[in-house]
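All of the numbers you see were taken from the coordinates with simple rules; none came from a lab. All figures in this text were calculated on a predicted structure; none of them were measured in a lab. Every residue, glycine among them, receives a Cβ derived from its backbone with ideal geometry; neighbour counts consider all protein chains shown.
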Amino acid sequence: MAQLSFDFDRPEPSRRGPDITGQRFGRWNALRRGEDHRTPNGTIKPMWWCRCDCGTERLVQSPDLRSGRSQSCGCLRIDEGRRRAKGNRDTAEWKVWCWMRQRCFDPKHKNYALYGGRGITVCERWLTFENFYADMGPRPTPKHTIDRFPDKDGPYAPDNCRWATWTEQQNNRSNNRHVLVNGERLTIAQAARALGVTVKVIRGRIDRGELQELQRHHAV
């Protein structure tokens, strides 16, 4: 007896996920369903052709749209970064960053000869304010300004800068005279404070050649 065989068309697999055509997700506008994406473990993720407000069109996974993980082609993040930078233009950190660059790069700046004129520069990373702020953080107090330390002749860079007070910066000046107090190298002003005497007394001893090493508990 002959066996009958029937050839049935297999139904297409159902398209997963709701129809989001025309819906907005951040700056994305869902245009039409795209070809589903199958992950290596067999999971099927629905894809949608979307148009960003900037005009970019791209396939985006539906779960990313609905969860908010994807809100634009990337232009939203760029614009937010620009807004943050603009908002920082009235802060002390922004002004310090501007002055730092002017001293190093603008020959018309009144202090250019002391900075850019003698080779002081700004590292490439700090040409962007966001990077400068990320590395330096907020200024601790209004008395703090940027200080190149420990290398006073080095560049403005993350590993050579700190927020410092005027007194701390004066101690880092290239024209400071230094003395030893109990084996510690100090400026004359620091030594005077440590020993409880005036700067004039210490300068007098140095000028007379009577001072080689100051000892904290010895009379000067």
Positive minus negative residues near THR141 (Lys, Arg vs Asp, Glu; Cβ under 13 Å): 0
Quick one: which residues, 5 or more positions from HIS37 or on another chain, have an amide H under 5 Å from its amide H? H modelled 1.01 Å from N in the peptide plane, none for Pro or chain starts. LYS45, MET47
Lysines within cross-link reach of LYS110: Cα-Cα under 24 Å, excluding same-chain residues under 8 positions apart? LYS95, LYS143, LYS152
Karplus-derived 3J(HN,Hα), 6.51/-1.76/1.60, for each residue of the stretch 136-153, Hz, glycine and proline x: 8, x, x, 5, x, 8, x, 7, 8, 9, 7, 9, 7, 8, x, 9, 5, 9
